[in-house]
Amino acid sequence: MSTFKAPRGTYDLIPPVSAVYLAVREAISAPLKRAGYGYVETPGFEQVELFSRGVGESTDIVTKEMYTLTQRSEGSERLALRPEGTASVLRAALEANLHKAGNLPVKLWYSGSYYRYERPQKGRYRHFSQVGAEAIGAEDPALDAELIILAVDAYTSLGLKNFRLLLNSLGDKECRPAYRAALQDFLRGLDLDEDTRRRVEINPLRVLDDKRADVQKQLVGAPMLRDHLCEACKEYHEQVRELLTAAGVAFEDDEKLVRGLDYYTRTTFEFVHDGLGSQSAVGGGGRYDGLSEMIGGPALPSVGWALGVDRTVLALEAEGIELELPAPTQVFAVPLGDEARRVLFGLVTELRRAGVATDFAFGGKGLKNAMKSANRSGARYALVAGERDLAEGVVQLKDLASGEQKAVAFDTVVSEVLSAQG
């Protein structure tokens, strides 16, 4: 029994499940690569202020869920494990002056682990994995539609069917203040707890996102943002809707959809899956036209999303979808004797260099145990050689599915295996 265990609310990814996570990450990133998004990787921790300014001082992420780090020396900058990816990616783009290269938008994608202190449950972890995408420096409804379509294409490529796209507009700095004031007037008349009342004064839109039934019941009749959108925001949102419809993307207008981060403007969206219970969100995002200025950069209207790898895997399980994954091993080498070990080990290296996934019976196993290992590896073929085979300059290539085998000369092993694989 191990002395140490993974911290509460976290998980280890180990084979064979880890192969599913890798396949999901690849499926989500594949459409992004085809659309001109380049890969970016940022540190696992950043200055606390990056998130408090961008994500929002009043958000649960900053006030309750962010892991902060203790520095070794006094007076050092305060650091926090990253709770989300957008602020970090935008910071990296600004620091590298990517926006000054003259080719906007800057299109980036990323993949990594993120950390939030939450009450652990299925689908909600303190360490979780996301793939995200950001398009920085352009205000264009086609860009919003592009990102949404790429996410839909990613889910569809995995075979998912029971996901839904929720869509809303949060307005902009021109029209949101009037709505904010009207919403505050409404919320101040409700029977709310102290924390929620404080939120009403700081960021009243987030009260709409409160999942508690007693709060949602009181929100019936709350003013709707659609009734306060300026003409520019109405036109922008309608163009996004038209582009999605033309691309065959179904969506549901959700007037109460408010993402849990302060930086969103105009387009906001969320993907939910009905097979996941209370933790139904599998991904989401939106436009964040003011975030760059919030963290000290120039005006750079931008849009992006993050899709949860963990949640996507759960969605696949909910639909009973098993991904077709390549076998981790295609050929397994079984040597009988010391000289055979030397010869087969050399052939294993040649096969790997030729692009064939090949493993070896390590530890001096006998034929029976080595063949058991070969079958457990999932390999299609076994390479077996003993003293008589070596004397004849051949190895036995055995098809583990049919049981057929044939002698193959040393110098033709690679070509024979490649030919057998088709």
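The values are calculated or read from the model by the stated rules, or taken from the named source; none is laboratory data. Since this is a predicted model, take the numbers as computed values, not measurements. Using ideal geometry, Cβ is built from the backbone for each residue, glycine included, and neighbour counts are taken over all protein chains shown. To get the accessible areas, we keep the full protein, side chains included, count just its heavy atoms, and leave off ligands, DNA and RNA. Shrake-Rupley method; radii C 1.70, N 1.55, O 1.52, S 1.80 Å.
Numbers for the structure displayed
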item: The chain, accessible surface, carbon-and-sulfur percent (1.4 angstrom probe); result: 50 percent
item: Cα centroid of the stretch 82-125 to Cα centroid of the stretch 184-224, whole Å; result: 29 Å
item: Contour minus Cα-Cα distance for THR68 and LEU13 (0.36 nm per residue); result: 17.3 nm
item: Dipole magnitude (debye, nearest 20) for the stretch 225-281, charges at Cβ of Lys, Arg, Asp, Glu; result: 140 debye
item: Shape category assigned to the stretch 278-343 from the gyration tensor of Cα positions, a/c cut at 1.5; result: oblate
item: For the chain: rounded, prolate or oblate by the Cα gyration tensor [a/c cutoff 1.5]; result: prolate
item: Global form of the stretch 215-305, assessed from the alpha-carbon gyration tensor, a/c cut-off 1.5; result: rounded
item: Dipole of the stretch 287-353, positive end: most advanced residue of PRO301, PRO328, THR349 [Cβ charges, Cα centre]; result: THR349
item: Simple spin-label estimate for ALA181 and GLN47 in nanometres, 7 Å along Cα-Cβ; result: 3.4 nm
item: Surface accessible to a 1.4 Å probe, per residue, for the residues of the stretch 294-422, Å²; result: 52 Å²
item: Cβ-isolated cysteines (cut-off 4.7 Å), the chain; result: CYS233
item: Inter-site label distance for ASP140 and GLU322 at 7 Å from Cα along Cβ, in nm; result: 4.4 nm
item: Peptide ranges 23-29, 220-226 listed from the most packed, as the mean C-beta count within 10 angstrom indicates; result: 23-29, 220-226
item: Charge dipole (debye, nearest 20) of the chain; +1 at Cβ of Lys and Arg, -1 at Cβ of Asp and Glu; result: 1160 debye
item: MRE, 222 nm, helices only [DSSP H, n ≥ 4, -39500 (n - 2.57), over the chain, to nearest 500]; result: -10500 deg cm²/dmol
item: Inter-label distance for THR156 and GLU95, nm, one decimal - labels placed 7 Å from Cα along Cα-to-Cβ; result: 3.8 nm
